[in-house]
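The values are calculated or read from the model by the stated rules, or taken from the named source; none is laboratory data. Just so it is clear, the model here is predicted, and its values are computed rather than measured. All Cβ positions, glycine included, derive from the backbone under ideal geometry; neighbour counts span all protein chains shown. What goes into the accessible areas is simple: the full protein's heavy atoms, side chains included, and nothing from ligands, DNA or RNA. Shrake-Rupley method; radii C 1.70, N 1.55, O 1.52, S 1.80 Å.
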Amino acid sequence: MPGRGHVVWLDWLKVLLVAGICYFHATQPFVVSPWLISNDERSAVLSAFAGIGYLFGIPLLFLAAGAASRLAVERRTAGRLTLLRLRRLLPPLALGLVVLSPFQWWLAMARDGSVGLPDAYARFVADIQLEASPRWLATYGYHLWFIGFLIAYSLLALPLLAWLRSADGRTAVERLGGHMNAVLATISLFVPLAAVQLTLRPSFPRQYDWAEFVVGLVA
């Protein structure tokens, strides 16, 4: 029997989202815009699908992860939940940066034979430059950027999760739910996201930059 705070449909939503993201990346060689490896024949239908998936797939995954964390804090302390997230997320991110990212760089930049695969690993590591921007994760982690975002979100959300687990937090949530109808609840989801986009997007218009990072955190 599911434990307290366990929601089966949320688990299935995460499964479907991950499957959709895998399908999204499988379509990339066939979209109109250039990718790491592009097919000679392109598909407008797959391009439209990829565009819609990009707009909604990852944000929904972050939303589902946040909802799962809110439920998980009912069974674990905020600190234990954060440690669990780090144990699950840090190893694949570290392994991906060391093993997969140099290989992906080689496929994208040097598959013409100008650089051998062993040299590609050495060159990739030598060219790494730290920067105070979440774009660093996308630059060197490629498609693993979202794992780095999830790790950061887990750490930043720790105080909020601890408060939600407290008596004051539970009381506040119950009072808020009692005074908020469906319309207000829907509006409350979009107003913070719109505010972030209006305030941060002009200064950080690039993909995976601070505007996109904060949007995922708020979601």
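At a glance:
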| item | result |
| --- | --- |
| With every protein chain in place, the chain: carbon and sulfur % of accessible area (1.4 Å) | 70 percent |
| Degrees, to the nearest 10: 117-126 long Cα axis against longest axis of the chain | 60 degrees |
| Dipole of the chain [Lys/Arg +1, Asp/Glu -1 at C-beta], most positive-end residue of Leu189, Pro205, Gly96 | Leu189 |
| The chain, helix-only ellipticity at 222 nm - DSSP H runs n ≥ 4, -39,500 (n - 2.57), divided by all residues, nearest 500 | -22500 deg cm²/dmol |
| Kirkwood Rh, angstrom, segment 1-113 [1 / mean 1/r, Cα pairs] | 16.9 Å |
| Loop trypsin sites (Lys or Arg not before Pro), segment 45-112, which have at most 16 other Cβ atoms in a 10 Å radius of their Cβ (DSSP) | Arg75, Arg76, Arg111 |
| Rg over Rh [alpha-carbon atoms, Kirkwood Rh] for the chain | 1.01 |
| 0 to 90° range, to nearest 10: angle between helix 145-156 axis and the chain longest Cα axis | 30 degrees |
| Theoretical gain in end-to-end length, Leu217 to Val173 [0.36 nm per residue, Cα-Cα removed] | 13.9 nm |
| Residue-normalised accessible area of segment 75-123, given per residue in Å² at a 1.4 Å probe | 63 Å² |
| Full-stretch length increase - Arg76, Ser133 - with 0.36 nm per residue and alpha-carbon distance subtracted | 17.4 nm |
| Calculated P(r) of segment 114-174 - Cα pairs past 20 Å, % | 53 percent |
| Angle between the chain longest axis and helix 182-200 axis [Cα atoms, degrees, rounded to 10] | 40 degrees |
| Relative contact order of the chain, pairs being alpha-carbon contacts under 8 Å that are 6 or more residues apart, as % | 20 percent |
| Segment 113-219: trypsin sites (Lys or Arg not before Pro) in DSSP loop, at most 14 other beta carbons within 10 Å | Arg206 |
| Part-to-part distance (alpha-carbon centres) for segment 33-60 and segment 70-120, which is given in Å | 23 Å |
| Column: log10 I(q)/I(0), Debye, Cα scatterers of segment 36-93, q = 0.16 Å⁻¹ | -0.70 |
